[in-house]
Amino acid sequence: MALIAALVVTACGGADPPAAGTAASTAPAPATTAPPEHDVAVWFLDGGEPVRLVVRAPVTEGVARQALELVLAEPPAGYETAVPEGLALEDIAIADTVATVGVADEAPTGAALVQIVNTLTEFPTVRWVRFGDDPGLVNRTIAATGQDAPPWLELTRVDVVAENVSFAGTADVFEANVQVRLVQGETVLAESFVTATCGTGCRGSFDGAISAPEGTSGAARLEVFTLSAEDGSVQDVVARDVTLG
């Protein structure tokens, strides 16, 4: 999927020469301004190994899509790609540090997966990649080794409106169950649970909301955690301070 560069073509021939005794126009041709460019990091292969390249491309608002289109295109001279020829990008959306990518064919694997995931996670707003409706998330470690790594739980977004707290995150936990509670001091104001899109050896995303009793205000703490399968004890706690009211 090649990016199209504008060509400036100068026409010649077909025009009558100036009449004898008439000076040809000396007015300068209109100046042309090249479109602004910026650096885009993309990943290709050198001798079969992933390498990071920085290329120049026209400035655009959809930079993540542009980077993905570049890595789906032909590699620069001297480099290779494992991305299947003709793999077409349908759409890309980014929310809560997850880039959801739609491709026309099956999701890439192996070195092609590494190229795409590494390219997208160059952006600070992207930590995870999902392909289409697949419930699992991939980062650089998973793409390269197939194995997830701690933290088992993370919060990627927490928003507060009065007593209501909404949140999102990712998890690789037993049966994808994520426990949630809202705590003020030593008092548990509310507790609930959400289910990640994938779990037990698979990284998934989750989101939800929890509310303190009406009129509650002041400093509090949102906690997500898991319960031990052996004794039900709290483990893997991830907390975020919030202000209610």
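The values are calculated or read from the model by the stated rules, or taken from the named source; none is laboratory data. Only a predicted model underlies this, so the values are computations on that prediction, with no experimental measurement involved. FYI the Cβ positions are ideal-geometry reconstructions off the backbone, even for glycines, and counts take in every protein chain you see.
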> Condition test on GLY232, is it closer than 18 Å to SER192 by Cα and more than 30 Å from the chain's Cα centre (by Cα)?
Replying inline: yes
>> So if I check each of ALA168, ALA212, ALA239, which one is surrounded by fewer than 17 Cβ atoms within 10 Å (Cβ to Cβ), touching an Asp or Glu at 6+ places or on another chain (Cβ under 6 Å) and at pLDDT 95 or above?
In response: ALA239
>> Of the residues THR119, THR125, THR156, THR170, only one is closer than 27 Å to TRP43 by Cα, touching a strand residue (DSSP E or B) at 6+ places or on another chain (Cβ under 9 Å), part of a loop (DSSP other than H, G, I, E, B) and not hydrophobic (A, V, I, L, M, F, W, C); which?
In response: THR125
>> Can you tell me how many residues within segment 58-80 are surrounded by 17 or more Cβ atoms within 10 Å (Cβ to Cβ) and small (Gly, Ala, Ser)?
In response: 2
> From the residues in segment 123-133 that are surrounded by fewer than 16 Cβ atoms within 10 Å (Cβ to Cβ) and on the phi < 0 side of the Ramachandran plot, which one is modelled with the lowest pLDDT?
Replying inline: ASP133
>> Exactly one condition in (1) closer than 30 Å to VAL101 by Cβ; (2) out of contact with any Pro (no Cβ under 9 Å at 6 or more places or on another chain); (3) outside the structural domain of VAL42 (by TED's automatic domain parsing); (4) surrounded by 15 or more Cβ atoms within 10 Å (Cβ to Cβ) is false for ARG157; which is it?
In response: (4)
>> I need the full set of residues from segment 93-115 which are free of Cβ contacts under 8 Å to residues at least 60 places away in the same chain, within 18 Å of VAL40 (Cα to Cα) and crowded, with 20+ Cβ neighbours inside 10 Å, in order please.
In response: ALA99
